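Report on one structure; see the data block that follows.
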Amino acid sequence: RFYEKVQALHQDPKASVDNPLLAFSLIKRLHSDWPNVIYSNEATENIQALHADFKEVEQELPGAEDLDGAARALMRLQDVYALSVKGMANGVFQRAGAGRPPLYSPGRRISLSADDCFHVGVTGDYYHSIAWLEEAVSLFRLSYGNWNPEDRSSLEDALDHLAFSYFMAGNISHALSLSREFLHYDPSNQRVVRNVAKYEKLLEMGTAVGLAGGSHGPPPHCCPPFHSLLGPLSPQPAPEHLPQLGCSYETNGSPYLLLQPAKKEMVRIRPYVALYHDFISDTEAETIKGLAGPWLQRSVVASGEKQQKAEYRISKSAWLKDTADPVVRALEQRIAAVTGLDLRPPYAEYLQVVNYGLGGHYEPHFDHATSRKSPLYRMKSGNRIATVMIYLSAVEAGGSTAFVYANFSVPVVKNAALFWWNLRRNGDGDGDTLHAGCPVLAGDKWVANKWIHEHGQEFRRPCSTDPRD
């Protein structure tokens, strides 16, 4: 039965794991569903062969951290894009509320099982868990009495966790009704019996205070609440009413661009953000991804004087020197020509290549340092004056770069380069450059970042006569 299920999922040999539901179910199947079948009582025939074959590949399979990360990614997508959990469980990526068109329509719909929804639900905080556990309870009720050897959880488990989540959210009456339903299936569970007595006493006292202090509202988002920048934008001036916005061919006074000018689109004047279309070719993009692939590691962020991993940045990255390949060297020459800045060491950092996979994102942050203790100053070349971010791939949905305070976002445009100034002409950080990498809803997002420092640029971007500029 398990083999037939897997075979049905892989009828299309080109099936892509760009769909986050398919990626999650694949990780879960390899981490827990398959071992459950192998070590079940039903697999008594050929048991030694099964165990031996499984041991051979066990080290290459996803681990618990991979599965929990995939579950948190689904919860992050649901939270940030305000998706319907019931829709996601049915393979549809649609905003909560009736009559809304889907944000992303996969070529093949992948539904989640009750056990899948349960695993996502128990991964997050109590508030965000409720919708997933509700769906798990609903699906377990439909299949109650039918044993599935792949499931690690049951209706009782889902009811137990959902009751506790409602209690933590301050809804004691619903926690009580769910606990009573649990006892209908398992009346001998003394812990739940004590919970029922406690909930009844709290309701008699007229107290709706759980461990969370009686808060009925949501806790802080597991992701930044910048929904308006991910879908329809908040009201903004129409492009024709914004001064000096337009498209042009730019040579920037560089002989390098004389025969092939840069295709420049001005996105915003304040902050200054420009998008250069067709900045890199498909072949160059694939070369850079191929060079970085073997060196990818979990991305880190600056934290005080150190660098460390953080939940608010989910990606993998690698650094490439200009000596790594002629393509990297040519790309750096192109960046220097377009920006007019000096990229010679130590005036710029190595090219950083980043891969944002399943639910990959980066919460609002500045590229420039906001403290003199930042590791950025170890280069002794000043702060990051400018950023060039090149989109090396296309994504099917999500992944935009959102400038939070400035209230606009730039979608992923394959082979284009996004440029902005991090510092004002007086050397102060530009607060309007606070930006975020929105979670990837569907696809595989690759970018290459080039951070340029202020030393060496004194005559290329001189300060103004007005110290406020």
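The values are calculated or read from the model by the stated rules, or taken from the named source; none is laboratory data. Keep in mind that this is a model prediction, so the values were computed, not measured. A quick note on method: Cβ atoms are made from the backbone with ideal geometry, for glycine too, and the neighbour counts reach across all protein chains shown. For accessibility, only protein heavy atoms count, side chains too; no ligands or nucleic acids. Shrake-Rupley method; radii C 1.70, N 1.55, O 1.52, S 1.80 Å.
With only alpha-carbon atoms in the gyration tensor, what are the semi-axes of the equivalent ellipsoid for the chain, in Å, largest first?
Numbers: eigenvalues 451, 151, 80 Å².
So the three semi-axes of the chain are 47, 27, 20 Å.
For the full complex of protein chains and a 1.4 angstrom probe, list Tyr199, Tyr256, Tyr272 by accessible area with the highest value first. Don't skip to the end; give the middle numbers.
On the way: Tyr199 5, Tyr256 100, Tyr272 70 Å².
Largest accessible area first, the residues go Tyr256, Tyr272, Tyr199.
How high is the relative contact order of the chain? Use alpha-carbon pairs under 8 Å, at least six apart in sequence, and give a whole percent.
Numbers: 824 pairs, mean separation 62.0, N = 469.
Reported relative contact order: 13 percent.
Could you tell me whether region 244-453 comes out rounded, prolate or oblate from its Cα gyration tensor? Rule is a ≥ b ≥ c as square roots of the eigenvalues, rounded for a/c under 1.5, then prolate if a/b exceeds b/c, otherwise oblate.
Details: a/c = 1.19, a/b = 1.10, b/c = 1.08.
In terms of gyration-tensor shape, rounded.
Rank Thr339, Thr370 by accessible area, highest first, at a 1.4 Å probe radius?
On the way: Thr339 25, Thr370 115 Å².
Most to least solvent-accessible, the answer reads Thr370, Thr339.
So between Glu60 and Thr251, what do we pick up on full extension, going 0.36 nm a residue minus the alpha carbon distance?
On the way: separation 191, 0.36 × 191 = 68.76 nm, distance 5.00 nm.
Result: 63.8 nm gained on full extension.
Express in nm, to one decimal, how much length is gained between Arg378 and Ser188 on full extension, taking 0.36 nm for each residue of separation and deducting their alpha carbon distance. Intermediate values should be presented prior to the final figure.
Working: separation 190, 0.36 × 190 = 68.40 nm, distance 6.30 nm.
Answer, rounded to one decimal: 62.1 nm.
Based on the Cβ-Cβ distance from Asn146 to Gln297, what FRET efficiency comes out when R0 is 56 Å, to the nearest 0.05?
On the way: r = 43 Å, r/R0 = 0.77.
For R0 = 56 Å, the calculated efficiency reads 0.80.
Taking 0.36 nm per intervening residue step and subtracting the Cα-Cα distance, what contour gain separates Ser105 from Phe459 on full extension?
Extra length from Ser105 to Phe459 when fully extended: 122.4 nm.
What accessible area, in Å² to the nearest ten, does a 1.4 Å probe give for Asp125?
50
Using only Cα atoms, figure out Rg for region 29-145 and give it as a multiple of 2.2 N^0.38 Å.
Details: Rg = 16.9 Å, N = 117, 2.2 N^0.38 = 13.4 Å.
In units of the 2.2 N^0.38 Å rule of thumb, it is 1.26.
Under a Cβ-only charge scheme (Lys and Arg +1, Asp and Glu -1), can you give me the dipole magnitude of the chain about the Cα centre, in debye to the nearest 20?
Values: 47 positive and 53 negative charges, 273 e Å.
Magnitude of the dipole: close to 1320 debye.
Please work out how much accessible surface Phe408 shows to a 1.4 Å probe, ignoring ligands, DNA and RNA, in Å² rounded to 10.
About 10 Å², rounded to the nearest 10.
In square angstrom, rounded to the nearest 10, how much accessible surface does Leu22 have for a 1.4 Å probe?
Accessible surface of Leu22 is approximately 20 Å².
Separation between the Leu9 and Gln244 pseudo-spin-labels, each 7 Å from Cα along Cα→Cβ, expressed in nm?
That separation, rounded to one decimal, is 5.4 nm.
Using a Cα-Cα cut-off of under 14 Å, which aspartates and glutamates could be cross-linked to Lys380, ignoring same-chain neighbours fewer than 8 residues away?
Glu349, Glu454
Just reorder Thr323, Thr387 by solvent-accessible area, largest first, 1.4 Å probe, all chains present. Can you show the working numbers first?
Details: Thr323 100, Thr387 0 Å².
From most accessible down to least: Thr323, Thr387.
Please give the calculated 222 nm ellipticity per residue for the chain, where each DSSP H segment of at least 4 residues contributes -39500 (n - 2.57) and the sum is spread over every residue; nearest 500 deg cm²/dmol? Mind showing how you got there, number by number?
Numbers: 13 runs with 148 residues, N = 469.
So the helix-based figure for the chain works out to -9500 deg cm²/dmol.
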